[in-house]
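Below: one structure, written as structure tokens.
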Amino acid sequence: MILEINKDNIKELANSFISTEYVEKELSNNPFGVFLILKENEEIIGYLYYSDIYERAEINQFEINYIHRNCGKGSILLSYFLKKVDKDVTLEVREDNKEAIHLYEKNGFIKRAIRSNYYGHKDGILMERKK
């Protein structure tokens with residue numbers, strides 16, 4: 001099940017690996033921000049936080065709980081998101097996050113630019129998927 005989190009249903013995040021304080025702060029500070037959570041058997045196993053900014057969307061953060069990685073659950077959440085926004089999407093990913101890069105490329109994202117030392121001593125890769 002995939003749910004959109006807002007101030008009215010933030011209690012859904014109780015006892016999960018994502019902090020309700022973090023979500024509340026982001027939703028308060030970002031008028032374009034949206035959180036999608038992936039639940040399985042009442043457990044939150046992942047989330048995707050994005051900004052829906054007029055003609056495009058930007059993935060701000062995307063995380064699947066480590067025990068649920070590499071079994072297609074990230075693809076489920078990403079596919080849902082891409083259908084929901086139905087517009088161009090950008091994101092940044094750390095250069096050494098090979099699993100995430102593979103997932104994004106598999107879903108039509110291409111590398112557009114490198115941001116040197118964006119993550120401290122690691123480069124960030126700017127990726128884009130056209131609608």
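Coordinate-derived values only; no laboratory data. Given the structure is predicted, the values throughout are model-derived calculations rather than measurements. Methodologically, a virtual Cβ is constructed for each residue, glycine included, from the backbone with ideal geometry; neighbour enumeration extends over all protein chains shown.
A compact table of results
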quantity: Positive-end residue, the range 2-129 charge dipole about Cα centroid, Cβ charges, pick of Asn9, Ala57, Tyr118; calculated: Tyr118
quantity: Sites Asn9 and Ala113 - FRET efficiency at Förster radius 30 Å, r taken between beta-carbons, to 0.05; calculated: 0.25
quantity: Local electrostatic count, His121, Cβ distance below 14 Å [Lys/Arg +1, Asp/Glu -1]; calculated: 0
quantity: Mean separation of Cα contacts under 8 Å, 6 or more apart, over the residue count of the range 2-129: relative contact order %; calculated: 17 percent
quantity: Sorted by Cβ neighbour density within 10 Å, fewest at the top, the residues Ile44, Ile67, Ile2; calculated: Ile67, Ile2, Ile44
